[in-house]
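Encoded as structure tokens, the structure appears first; notes follow it.
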Amino acid sequence: MSQIGIFDIVGPVMVGPSSSHTAGAVRLGYAGRQILGEPVRRADIHLHGSFAATYWGHRTDIALLAGLLGMAMDDAAIPGAKKLCCDHGLAYQFHRADLGDVHPNSVRLQLQGESSHADVQGASVGGGRAAIHRLDGFAIQCDGTYATLISRHKDEPGVISEITRVLGEMNINIAFMEVSRRRRGLDAMLVAQTDDPLNSRVIQWVTGLRGVRQVWCLPRF
Amino acid sequence: MLELQCAEDLLALGRATGKTLPALVVEYESELSGQPAAEIYETMHHRLQIMKESVEQGLDDPGALAHLAKGYGLKMKMAADEGRLVGGQQLQRITMYALAVAQHNASLGRIAACPTAGSCGVLPAALLCIAEDRGADDGALVDALLTAAGIGTVSAMQGPISGAEGGCQAECGVASAMAAGAVVELAGGSAEAVFDAASLALQNLLGLVCDPVAGLVEIPCITRNACAAGNAVMAADMVRAGIPAVIPFDETVRAMKQIGRAMPESLRETSKGGLAASSTAKRIHRRMQREHQLEEE
């Protein structure tokens, strides 16, 4: 299990009322916004378990939308997120869903921007901490403690070593790394959590590598 | 690498190195985050200021943005000023502070979660009241907060800290354990006494379910914050009187985890059981849902 920082315990500093259902939900929305990489135009938000049962009371809906708009959890504008969505042209729809045997505070975000879309599933795991568990159908682990590079690529020899070589040349240290694939020889995913921040040059370089189809760079969230 | 897996390891490390709990917690965070110790102290000072602000603002918060609970801290303050309360002066303030912060949270105010937002009033109430009475300075308060953070971290490493996973015992129970340990730290107690007080405080609240009326962090959450804050000071004094915790803190946390697992989903923040399933709560919930539908239209 990864370590827990003391300021996630005495903290976070946040706008109420619930760390798991409000602050964690802001973080999940924010992570979704970062993965999409552009302003969200349409969001289908699937609420599971306790999220589905109590979202309105804990203002989980407002919190997720605030995050999707790019707000942090101590932003005083959070209570007005629904109106801001209208102002910013973000259309949203909430759904109750059974996402299977997952954390009770789970949500699936189907997001669309001007030019791209993302299907992100994550959970608010307590104390305002959040974790992403699925991305575009792949099981991943990403809790925002570190900057994270995610690549989707062809499952063939040498792709992963090329990606790690580029990170090495850019002096970016990998703290944790995970690879998975759907079917041999087809679609694969790499998730690298790094000690050093990732910039747009990293996306450019890694996107240019042979076999790489899509690259996401997430800041800490 | 220094780890905060359990209280036992932390206590052993303290005995072996002669370092205090706050010092070990700073060392842990420094290794984990890569930040120098000075920055960690600074961030904790900031958290302390947020807590003080949330007490002050909460005492004046009429609760306009809360659904059901209105001005709980304000009501206690007025009653205390008018001499209408029967409890002792310190207990009055502990209750008042806890209600103020928890009310502020319910009213979309800014608070420091500790360990969660639902339990954010417990630690500030117990710690700030005792600090006022003892004339403790901010430096001592920051050390007490670091100790509380250590207690919360070893709890989170071994058990749940969300109502959805473990019920209210995982929120107000852990908050009370953190507050009890922080009060002992402030009073100059040993590291062993800190974790004994934390263990006793949590033992007293084991089994507490999370059954919020209408799914809101208001009833009974706000008044439970006051209960857990008072419990923290009681636990600290029991340990100072020489009453043993008997069950070590780590084992109490594991018991809490086991109890949380045995709890039906209806009592873990889903508002399907307990107080939330009472006829009055259901009536309130239906009314709120009607209002919500109106809001959507």
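Is it fair to say A:V166 is in contact (Cβ under 8 Å) with a residue 40 or more places away in the chain, touching an Asp or Glu at 6+ places or on another chain (Cβ under 6 Å) and either in the same structural domain as A:A130 (by TED's automatic domain parsing) or among the aliphatic types (A, V, I, L, M) (or both)?
Values: in contact (Cβ under 8 Å) with a residue 40 or more places away in the chain: yes; touching an Asp or Glu at 6+ places or on another chain (Cβ under 6 Å): no; either in the same structural domain as A:A130 (by TED's automatic domain parsing) or among the aliphatic types (A, V, I, L, M) (or both): yes.
When the stated conditions are applied, A:V166 does not pass them.
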Go through the stretch A:180-221 and give me each residue that's within 17 Å of the chain's Cα centre (by Cα) and of a type in the set (A, V, I, L, M). A:M189, A:L190, A:V191, A:A192, A:L198, A:I203, A:V215, A:L218
How about the stretch B:228-278: which of its residues are in contact with an Asp or Glu (Cβ under 8 Å, 6 or more places away or on another chain), without any contact (Cβ under 8 Å) to a residue 60 or more places away in the chain and either more than 14 Å from every other protein chain (Cβ to nearest Cβ) or crowded, with 18+ Cβ neighbours inside 10 Å (or both)? B:V239, B:P244, B:A245
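Here are some residues: B:L141, B:L91, B:L127. Which one is surrounded by fewer than 18 Cβ atoms within 10 Å (Cβ to Cβ), among the aliphatic types (A, V, I, L, M) and in a helix (DSSP H, G or I)?
Values: B:L141 fails: surrounded by fewer than 18 Cβ atoms within 10 Å (Cβ to Cβ); B:L127 fails: surrounded by fewer than 18 Cβ atoms within 10 Å (Cβ to Cβ).
Residue meeting the stated conditions: B:L91.
Within the stretch A:40-61, how many residues turn out to be at the interface with chain B (Cβ under 7 Å from one of its Cβ atoms) and out of contact with any helix residue (DSSP H, G or I) (no Cβ under 6 Å at 6 or more places or on another chain)? Even if it seems obvious, please write down each step before you answer.
Just the residues of the stretch A:40-61 that are at the interface with chain B (Cβ under 7 Å from one of its Cβ atoms), to begin with: A:50, A:53-54, A:56-58.
Filter again for out of contact with any helix residue (DSSP H, G or I) (no Cβ under 6 Å at 6 or more places or on another chain), leaving A:53.
Selection size over the stretch A:40-61: 1.
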Can you report the number of residues in the stretch B:135-169 which are within 8 Å of chain A (Cβ to nearest Cβ), within 12 Å of the chain's Cα centre (by Cα) and at pLDDT 95 or above? 4
Strands (runs of 3 or more DSSP E) wholly inside the stretch A:170-221 that include at least 3 residues being on the phi > 0 side of the Ramachandran plot and in contact with a helix residue (DSSP H, G or I) (Cβ under 7 Å, 6 or more places away or on another chain): none
If you go through B:G63, B:G58, the only one that is crowded, with 16+ Cβ neighbours inside 10 Å, on the phi > 0 side of the Ramachandran plot and more than 8 Å from every other protein chain (Cβ to nearest Cβ) is B:G63
If you go through A:L109, A:L68, A:L99, A:L90, the only one that is more than 14 Å from every other protein chain (Cβ to nearest Cβ), over 24 Å from B:C210 (Cβ atoms) and surrounded by fewer than 23 Cβ atoms within 10 Å (Cβ to Cβ) is A:L90
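The values are calculated or read from the model by the stated rules, or taken from the named source; none is laboratory data. These numbers come from a predicted model, not from an experiment. Every residue, glycine as well, gets a Cβ built from its backbone with ideal geometry; the counts of neighbours run over all protein chains shown.
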